[in-house]
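Q: There's a structure below that I have some questions on.
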Amino acid sequence: MAPNFSYQSSGNIHRAEEEDGAVQERIKVNTTYLNAFSLFLFVLLLSFIFYRFSTLSVHKGLNHVIWTLALACETCFACLWILSMNIRWRMVEYRTYPNRLLKRLKSESELPAVDMFVTTADALKEPPILTVNTVLSLLAVDYPLNKLACYVSDEGASPLTFYALTEAAEYVRLWVPFCKKHGVGVRAPFIYFSETSHNCDSFTSEFLTEWKKMKSEYDELSRRINEAVTSKSVPYPNMNEEFAAFSRIEGGDHPSIIKVIVENRERSSGGLAHVIYVSREKRPKHPHHYKAGAMNVLTRVSAVMTNAPIIMNVDCDIFKPLTTYEELNNSQKYKHGSNEANMEELINRFGYCEELLRSILGIHLDKAGDTLSFERKVEVAHIVAGCKYENNTYWGHQVGWVYVSCTEDLILSLKLFAAGWRSVYCTPKPPAFLGCAPCSGPETLLQQRRWAAGLLEVVVGRHSPLLSAITKMLKIRQCLAFLNLWALRPIPEICYSILPAISLLTNAHFLPKWLGNRRSQSNVTMKFLEDITYYAKRFRDNI
Ligand SMILES: O=c1ccn([C@@H]2O[C@H](COP(=O)(O)OP(=O)(O)O[C@H]3O[C@H](CO)[C@@H](O)[C@H](O)[C@H]3O)[C@@H](O)[C@H]2O)c(=O)[nH]1
Ligand SMILES: [Mn+2]
């Protein structure tokens, strides 16, 4: 049985086992002042809305229109303020203590296996050297390597990405021992070498020699990869039968290609993690469902090849684990709550592939059914990576990543929360992984537009958080968090910001006037000016 990593609750700090110390602590952040301030602002907003509402009928003509618009905008701001207060209301922080983990286990071999998924879509937009760095950093994690497998999904079926990975496979044999021996912090070579320099006096000569060797090998690796990318071709000696599969490829029309780049056949503790290249079948008339489609293929391929109980996903440019969920297949186990899996229902759900069904059944019955040869596993992986495999199954609807939105992570988390799963936002210090964000204006705009569209798709569709809160297990505050429609906020903001200009041009007003009428206002202004003049004179006389 897998060891229990979960924290257990007891008061503010949740301890798993007193004598061993917790692996993870949940600590309440003190938000009393922040909450009091947020509430104060909210009360001010409400009183303002109340005032505007009660005086609305006093205003006539254009003023009435302007006041109604202002009232609508302010009501929107108040609603958005409630949503943003909801997110910050009871903040908690998770502290992790990975070094305590081993104390709770008899040996490292009790640690569960992890399948790591890296997705890349376009070798020209996402440079292969970046994907290589992500893979190298994953392969150098502090975890028994025979428990790990790294699957790289390449949507572009690019020989350049495959070439880069085969080249990196040589480097990884040097990089992983180097990182472990010297306790390297950031394990993506391009960041590591840009941050450390051989001029540091505190380095020993042995370290310096190794550092220089690693750096020159990395420089050579990146030179070869970048040269291949610039010339858009793989060097001649590498054009062997391994690359034959890539030669018949036309954009978006090719069979599935699965290649084992690094293999730890005996799963020995001294070896490296598996590295498996996966490019799913693509046909022009067949929808591929973007990253969600790629993730479902990776889930099936990993299920027939290594079937680890935990999967982890990182983007090709992010050296930071986003979310770790237990494999989706596992959730099916709890959902059925029975060991008597109905074969016909399983085929309807997961599609017909004997080996995949056996691996799912293995999870249902808590039995390991790993009897296939490695060659057969690769063959089966080609079948489950086919684009027709999902036809008439539940993939993309009830099984795996859902195909309704371009932000598959959002809809997946919504679906998991609605099914009663919990998640933890974990930000260890120092950060476990680092990532890259879009660096140019247009790229950032595109990303924000995609996220905004994804959020709106999720809110109005069949998976709407409101529906899930009523009919499923989504909690009310989770529902409010998903309803945080930042994408629509510019509408009231723009409207509100043009109200002053309209008021000036039309001699109307959209803010309450000070002391009601002009005369009393000007009297007060006059009195204020007289006072200032009086005090200024006294000040001058005194000096
Ligand atoms: O059809 C596609 C499109 C993208 N990707 C990969 O998905 C990842 C994320 O795509 P990107 O275009 O870089 O989106 P970002 O906005 O940078 O990523 C964030 O938002 C995405 C959802 O929109 C999530 O999938 C990511 O995990 C999250 O980091 C990258 O590795 C891509 O290579 C695919 O595999 N197939
Ligand atoms: Mn990205």
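Q: Could you please rank M85, M295, placing first whichever residue has the fewest other Cβ atoms within 10 Å of its Cβ? If you can, show how the numbers build up before the last one.
A: Numbers: M85 16, M295 22.
Going from sparsest to densest Cβ surroundings: M85, M295.
Q: Summarise the long-distance tail of P(r) for the range 24-94 by giving the % of C-alpha pairs beyond 19 Å.
A: Values: 1222 of 2485 pairs.
For the range 24-94, the share of Cα pairs beyond 19 Å comes to 49 percent.
Q: For S440 and K180, compute 0.36 nm times the residue count separating them, minus their Cα-Cα distance, and round to one decimal in nm. Could the numbers behind the result be given before it?
A: Details: separation 260, 0.36 × 260 = 93.60 nm, distance 3.56 nm.
Contour length minus Cα-Cα distance gives 90.0 nm.
Q: Ranked by Cβ crowding within 10 angstrom, fewest neighbours first, how are L138, L208, L357 ordered?
A: On the way: L138 25, L208 13, L357 20.
The order, fewest Cβ neighbours first, is L208, L357, L138.
Q: Starting from the Cα of W89, step 7 Å toward the Cβ, then list every residue of the range 439-473 with an amide N under 17 Å from that point.
A: So the set is 466, 469-470.
Q: How high is the relative contact order of the range 163-301, given as a whole-number percent (alpha carbon pairs under 8 Å, six or more residues apart)?
A: Working: 89 pairs, mean separation 27.1, N = 139.
After rounding, I find 19 percent.
Q: If R0 is 51 Å, what FRET efficiency do you get for H286 and R422 from their C-beta distance, rounded to 0.05?
A: On the way: r = 36 Å, r/R0 = 0.70.
The computed FRET efficiency comes out at 0.90.
Q: Among the chymotrypsin sites (Phe, Trp or Tyr not before Pro) within the range 68-99, which fall in a DSSP loop and have no more than 11 other Cβ atoms within 10 Å of their own Cβ?
A: Numbers: sites: F77, W81, W89, Y94; in loops: W89.
The qualifying sites: there are none.
Q: Would you mind ranking I225, I347 so that the residue whose beta carbon has the fewest other beta carbons within 10 Å leads the list? Write down the numbers at each step before the final one.
A: Values: I225 22, I347 15.
Going from least to most buried by this count: I347, I225.
Q: What spacing in nm lies between the two simple spin-label points modelled at K212 and A78, each 7 Å away from Cα in the Cβ direction?
A: Going by the 7 Å Cα→Cβ label model, 7.2 nm.
Q: Give the distance, in whole Å, between the Cα centre of the range 424-463 and the Cα centre of the range 22-69.
A: Taking the Cα centre of the range 22-69 as reference, the centre of the range 424-463 is 28 Å away.
Q: Taking amide H positions as placed 1.01 Å from N in the peptide plane, with prolines and chain starts having none, which residues 5 or more places from C353, or on another chain, fall under 5 Å of its amide H?
A: none
Q: Given H placed 1.01 Å from N in the peptide plane, which residues other than close sequence neighbours of G435 have an amide H under 5 Å from its amide H?
A: Placed amide hydrogens put F319 under 5 Å from G435.
Q: Can you tell me the mean projection area, over all orientations, of the convex hull of the range 361-472's alpha carbons? Units nm², please. Write down the numbers at each step before the final one.
A: Working: hull surface 47.1 nm².
So the mean shadow area of the Cα hull is 11.8 nm².
Q: Also, I was wondering about something else. For the range 64-74, take each phi angle, set θ = phi - 60°, evaluate the Karplus expression 6.51 cos²θ - 1.76 cosθ + 1.60, and give the result in whole Hz per residue in order, putting x for glycine and proline.
A: Once rounded to whole Hz, the list reads 5, 4, 4, 5, 5, 4, 4, 4, 5, 4, 5.
Q: Ranked highest first by the average count of other Cβ atoms within 10 Å around their residues, in what order do 176-186, 308-318 fall? Please report the intermediate quantities before stating the final value.
A: Values: 176-186: 15.5, 308-318: 19.7.
By packing density, highest mean first, the sequence is 308-318, 176-186.
No value in this document is a laboratory result; all are computed from the given coordinates. Since this is a predicted model, take the numbers as computed values, not measurements. Please note: Cβ atoms are built from the backbone with ideal geometry, for glycine as well, and neighbour counts cover all protein chains shown.
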